[in-house]
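Some notes on the structure that comes next.
Values in this text are rule-based calculations from the coordinates and carry no lab data. Note that the structure is predicted; figures quoted are calculated from it, not measured. We place every Cβ from the backbone using ideal geometry, glycine too, and count neighbours over all the protein chains shown.
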Amino acid sequence: MPELGVGVKSMKCPHCQQVETKVIESRDVANGESIRRRRECLGCQHRYTTYERLERPTITVIKKDGTRQLYNRTKLVAGLQKACEKTTISGSDFEDLVVRVEKGIYDCGDVEISSTKIGSIVMNALADTNQIAYVRFASVYRNFTDLESFERELSRIKARLIAPEGVKQK
Ligand SMILES: [Zn+2]
């Protein structure tokens with residue numbers, strides 16, 4: 001096993017500007033999407049933390065009306081939060097959900113993605129996670145205009161979910 005710190009010397013100490021550092025701890029955060037490193041300066045022993053993040057391409061979202069806007073993670077998280085309100089999804093489950101959805105978006109490999117496509121990625125992730133959140137998101141997102149299309153969607157998830165929780169079936 002290579003010794004920690006070998007080959008990771010090009011980070012400047014914020015204290016004395018010396019570039020020789022030793023990595024004293026290295027761990028994955030956010031499901032391996034980034035790496036956190038604790039470093040110690042070999043010059044002054046000052047300890048500091050660096051984060052290495054996967055560089056993501058800039059993605060443009062094409063909305064239903066044809067307008068384009070930059071993909072906004074905060075907006076996605078807000079939408080998911082709304083869908084997951086008062087459900088059993090919280091804390092690390094919620095983090096996992098966000099990571100899964102975002103991975104789905106980037107895995108498309110395109111610099112442009114339609115909002116419809118993002119919607120279906122979210123719906124797939126929610127369908128595997130929580131029935132209530134799924135229905136909530138679907139009703140807003142799909143903008144059901146008639147009972148029939150809503151019922152079609154419901155039977156789709158009923159078939160898909162093995163353990164429904166908290167939703168009363170009539
Ligand atoms: Zn230093």
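Miscellaneous remarks
- Taking 24 Å as the limit for the C-alpha separation, the pairs 12/103; 64/158; 22/103; 64/103 exceed it in the case of 12/103; 64/158; 22/103.
- Within-12-Å neighbourhood charge of residue 82 [Cβ basis; K, R +1; D, E -1]: +2
- Inter-part distance where the stretch 34-56 and the stretch 80-102 are each reduced to a Cα centre, Å: 29
- Cα gyration tensor shape for the stretch 60-160, rounded if a/c is under 1.5, else prolate or oblate: oblate
- Rounded to the nearest 20 debye, the dipole size of the stretch 60-160 about its Cα centre is 140 debye, using +1 on the Cβ of Lys and Arg and -1 on the Cβ of Asp and Glu.
- Given charges at beta-carbon only (K, R positive; D, E negative), |dipole| of the stretch 10-114 in Debye: 300
- In a DSSP loop and with at most 10 other Cβ atoms within 10 Å, the trypsin sites (Lys or Arg not before Pro) in the stretch 49-100 are 64, 86.
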